[in-house]
Amino acid sequence: MTTELIDDDVLLSEDEPNPSSVPPEAPDYEHAAQKPESLWKDMWYSLTQSKTAMVSLVFILLLVVIAIVTAVAPQVLPYNPYQQDLSQSFQPPSMQHWFGTDQQGRDIFSRVLVGTQISLTVGLLSVAISLAIGVTLGAVAGYKGGVVDTVIMRVMDMMLAIPSILLAIAFMAALGQGIDKAIVAIGLVSIPEYARIVRSQILSVKQSDYVAAARVIGDNDFTIIFRHVLPNVLPSIIVRATLGISGAILDAAALGFLGLGVQPPAAEWGDMLGRGRNYIFQAPYAMIFPGLAITVTVLAFNLLGDGVRDALDPKARKR
Amino acid sequence: MASENLIEVQHLTKSFVAESNFFGKPTSFVQAVDDVSFSIRRGEAFGLVGESGCGKSTIGKMLVGLLKPTSGKIIFEGKDITALPVKERRRYCRDIQLIFQDPYASLNPRMTIAQIVAEPIRTNNILPADKIDARVDELLERVGLASYMKNRYPHEFSGGQRQRVGIARALAVNPKLIVCDEPVSALDVSIQAQVLNLLDDLKDQLGLTYLFIAHGLNVVKHISDRVGVMYLGRLMEIAPKNSLYHEPLCPYTQALLSAIPSPDPHLQRKRIILEGDVPSPIDPPAGCRFASRCFAKVGACDVAAPELREILPDHLCACHRYEKNSGAADVRKLARDIQYDAARPSYGRGAKDVNADPVVAPGAKKA
């Protein structure tokens, strides 16, 4: 069964003598004990190898702890964050007031700590809303195609055509005021972004040979979507979602600034930033510290997102 | 047993929509596969050859159920599987597996080799969970991969190793028929031979039947028992390997055979150089599909498509040049004459020209 055309003894003998049957020997450094881990265990291990991701994760966990503690036991705060004392207004940072005081004489440090509750809730919940709806819509549109795709994506286009803050205001007008309504409005507004990203990713993954292979094997649609398509789409979703958390915090700030989100006594970073803006020259600390809180939190989420994306990619994974 | 047909393809046709108007109504079609019939016997390797775009991969995809035929039947073990509802179809699909052309795209980059090979076993509930591991090891060993590699990801492997993984995955469900869709055309030549040998060994060990798709006759020669030659969606010639390689009847087959490169640089050969390009499959020629490039054309070729019929024993060809009911000796002589007339001396280092390129037939545009 040889042909003079392909069977070339010289070529064959170079690497493996009889390559079609003999598996190469395991080199010493490879041990069979190299255990089959699940996708998530592998990911977690790989995530722990990234310093930036771990620092970000610790910081975010710290924020969560702060949010919970200040909600359960507000007495740990140095001052009552809602207590006005006009005689103390615009105190610069000092040993008494680490971050200074605002126009109403409230302690900014306490307010920043309390603000963690609202900012984290807004960020996580609204992204959860847009993720859940956006990913589902995008996945259905991309996977089904045809009329379903056209209808879903044209609706998404309509939502994209209106500036998001305007749309959020419209939602708020319909839903009423309040931070819970703001969360829903912000969540709804960013649905199209997720839907678009997921759809385009699914379109490309759907065409790939390994999805065809899964179909030949006999996998049903559900298995194909969850085992083959979504894991390969996940990285872009994760990165978008971490950016979305920061965007949601800023959107909530904007709504608060317009008087639609949080209502005045409540402490929210964006709202504090907006109010401090008026006194930027007299009391820069009134906006610097809430601004820093937003920046660092947003950065932490983005870096964590980066780390998770790398950890999910077998090629970038450290072993 | 050997002559029993495992799969029979009857008048299989597939057309794709090439253009559609504003309302989504198709206005023109690509005839990817046009009225193709052949059968594969149990335990046989059937090679399907043709240049890019001739529809050979489309046939493969229809056999494994990735594409739905526009018309025609696929009869697998006596049952028409094109008519089955999707669910039942899937059950039969288990018996027909596919090896992909591109080993880089056909493995999910986020699954380990073990997961990839185990997946078909799990999906089809072939083995209890505790036996899967051992089976995966056995399959990997069978295709020449060591089991210590099984927790690696596809990107850690070379093309040839990945193709072995693809083969192991196809074997996992104990298929009866494997459609090999150009399994070696993405690999280096040295690796090609290894993978071909592997496929050949597996066929003997496991009693598999292959539909082996390739774009060159040299690859198919190694592995096939019978070969079908396709051109622009149609089967031009079906013959046992030896018959096809030694007495090709169809002019297109003759040209394909003469295009196989020779490893001997000093060999003086005559080649048939075809002129022009393959016509567009959107609006294929009315008569013989090959008529526009054929060097042995007669008047009838432009008028009606020749029908695929048995010209020599077991040797089918679709060509107007061969008369019905003529004797085998006449046919062979005619085939040789057609070939001889078209062949031009070319190639190799003759005494005079050192860098000789193929000499193009007079009047041809392409160099």
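The values are calculated or read from the model by the stated rules, or taken from the named source; none is laboratory data. Computed from a predicted model, the values in this text were never measured in an experiment. When we count neighbours, we look across all protein chains shown, and the Cβ atoms used for this are built from the backbone with ideal geometry, even at glycine.
Of note, A:GLY218 satisfies the criterion of being crowded, with 19+ Cβ neighbours inside 10 Å, farther than 30 Å from A:VAL112 by Cβ and either in contact with a Ser or Thr (Cβ under 7 Å, 6 or more places away or on another chain) or of a type in the set (Lys, Arg) (or both).
Residue count for the stretch B:286-331 satisfying the condition of being touching a helix residue (DSSP H, G or I) at 6+ places or on another chain (Cβ under 6 Å) and either among the aliphatic types (A, V, I, L, M) or free of Cβ contacts under 8 Å to residues at least 24 places away in the same chain (or both): 8. May I ask you to list the residues in the stretch B:140-154 that are closer than 17 Å to B:LEU199 by Cα and within 8 Å of chain A (Cβ to nearest Cβ)? Passing the criteria: B:LEU140, B:GLU141, B:GLY144, B:LEU145.
Conditions tested, residue by residue: (1) of a type in the set (Phe, Trp, Tyr); (2) over 27 Å from B:LEU196 (Cβ atoms).
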site	(1), (2)
B:VAL36	no, no
B:SER39	no, no
B:LEU63	no, no
B:LYS68	no, yes
B:SER71	no, yes
B:ILE74	no, no
B:GLU88	no, yes
B:GLN97	no, no
B:PHE100	yes, no
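Kindly list the number of the only condition in (1) modelled with pLDDT under 80; (2) in contact with a Lys or Arg (Cβ under 6 Å, 6 or more places away or on another chain); (3) farther than 26 Å from B:SER15 by Cα that fails for B:GLY276. The number of the failed condition is (3).
When restricted to residues that are farther than 12 Å from A:PHE289 by Cα and β-branched (Val, Ile, Thr), the stretch A:89-121 contains 4. Looking at A:PHE281, A:PHE222, just one residue is in a helix (DSSP H, G or I) and of a type outside the set (Asp, Glu), and that residue is A:PHE222.
Selection over the stretch B:130-156 of residues that are part of a helix (DSSP H, G or I) and either touching a residue at least 60 places away in the same chain (Cβ under 8 Å) or small (Gly, Ala, Ser) (or both) gives a count of 3.
Residues checked against (1) within 17 Å of B:ASP34 (Cβ to Cβ); (2) within 23 Å of the chain's Cα centre (by Cα); (3) not in a helix (DSSP H, G or I):
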position: B:CYS288; (1), (2), (3): yes, yes, yes
position: B:LYS297; (1), (2), (3): no, no, yes
position: B:ALA305; (1), (2), (3): yes, yes, yes
position: B:LEU316; (1), (2), (3): yes, yes, yes
position: B:TYR322; (1), (2), (3): no, no, yes
position: B:ALA329; (1), (2), (3): no, no, no
position: B:ARG332; (1), (2), (3): no, no, no
position: B:ARG336; (1), (2), (3): no, no, no
position: B:TYR340; (1), (2), (3): no, no, no
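The sole residue among A:ILE186, A:ILE202, A:ILE224 that is within 30 Å of B:GLN163 (Cβ to Cβ), modelled with pLDDT of 85 or more and under 22 Å from the mean Cα position of the chain (by Cα) is A:ILE202.
Restricting A:PRO231, A:PRO265, A:PRO314, A:PRO235 to those that are within 14 Å of chain B (Cβ to nearest Cβ) and in a loop (DSSP other than H, G, I, E, B) reduces the list to A:PRO314. The listed residues are B:LYS131, B:LYS68, B:LYS73, and the only one of them that is touching a His at 6+ places or on another chain (Cβ under 8 Å), more than 9 Å from chain A (Cβ to nearest Cβ) and more than 24 Å from B:ALA214 (Cβ to Cβ) turns out to be B:LYS73. Return yes or no: is B:ALA168 closer than 20 Å to A:VAL211 by Cβ and either basic (Lys, Arg) or in a helix (DSSP H, G or I) (or both)? Considered against the rule, which asks whether it is closer than 20 Å to A:VAL211 by Cβ and either basic (Lys, Arg) or in a helix (DSSP H, G or I) (or both), B:ALA168 comes out as yes. Go through the stretch B:238-258 residue by residue and tally those that are touching a Phe, Trp or Tyr at 6+ places or on another chain (Cβ under 9 Å) and among the aromatic types (Phe, Trp, Tyr). Residues meeting the conditions: 1.
Looking across B:GLU4, B:GLU19, one residue alone is modelled with pLDDT under 85, under 20 Å from A:GLY146 (Cβ atoms) and among the acidic types (Asp, Glu). It is B:GLU19. Would you check if A:ALA267 is at pLDDT below 85, surrounded by 20 or more Cβ atoms within 10 Å (Cβ to Cβ), within 17 Å of A:GLY105 (Cβ to Cβ) and touching a Phe, Trp or Tyr at 6+ places or on another chain (Cβ under 7 Å)? No. Number of residues in the stretch A:205-219 that are facing chain B (nearest Cβ under 7 Å) and within 30 Å of the chain's Cα centre (by Cα): the value is 3.
All told, A:ILE202 meets the bar of being outside any loop (DSSP other than H, G, I, E, B) and more than 14 Å from chain B (Cβ to nearest Cβ). Would it be correct to say that B:ARG94 is facing another protein chain (nearest Cβ under 9 Å) and either touching a Pro at 6+ places or on another chain (Cβ under 6 Å) or modelled with pLDDT under 85 (or both)? The answer is yes for B:ARG94. When each of A:LEU260, A:LEU304, A:LEU243 is tested for being farther than 18 Å from A:SER190 by Cβ and not charged (D, E, K, R), the lone residue that passes is A:LEU304. Exactly one residue out of A:ARG215, A:ARG199, A:ARG227 is touching a Gly at 6+ places or on another chain (Cβ under 9 Å) and over 30 Å from A:ALA170 (Cβ atoms): that is A:ARG215.
Every listed requirement among (1) more than 30 Å from B:CYS93 (Cβ to Cβ); (2) away from chain B (no Cβ under 12 Å) is met by A:THR150 save one, (2).
Taking the stretch B:171-189 as the range and being under 17 Å from B:LEU211 (Cβ atoms), more than 8 Å from every other protein chain (Cβ to nearest Cβ) and among the hydrophobic types (A, V, I, L, M, F, W, C) as the test, the residues that pass are B:LEU171, B:LEU177, B:ILE178, B:VAL179, B:CYS180, B:VAL184. Scanning the stretch B:132-150 for residues that are more than 18 Å from B:ILE191 (Cβ to Cβ), surrounded by fewer than 19 Cβ atoms within 10 Å (Cβ to Cβ) and touching a helix residue (DSSP H, G or I) at 6+ places or on another chain (Cβ under 9 Å) returns B:ILE132, B:ASP133, B:ARG135, B:ASP137, B:GLU138, B:GLU141.
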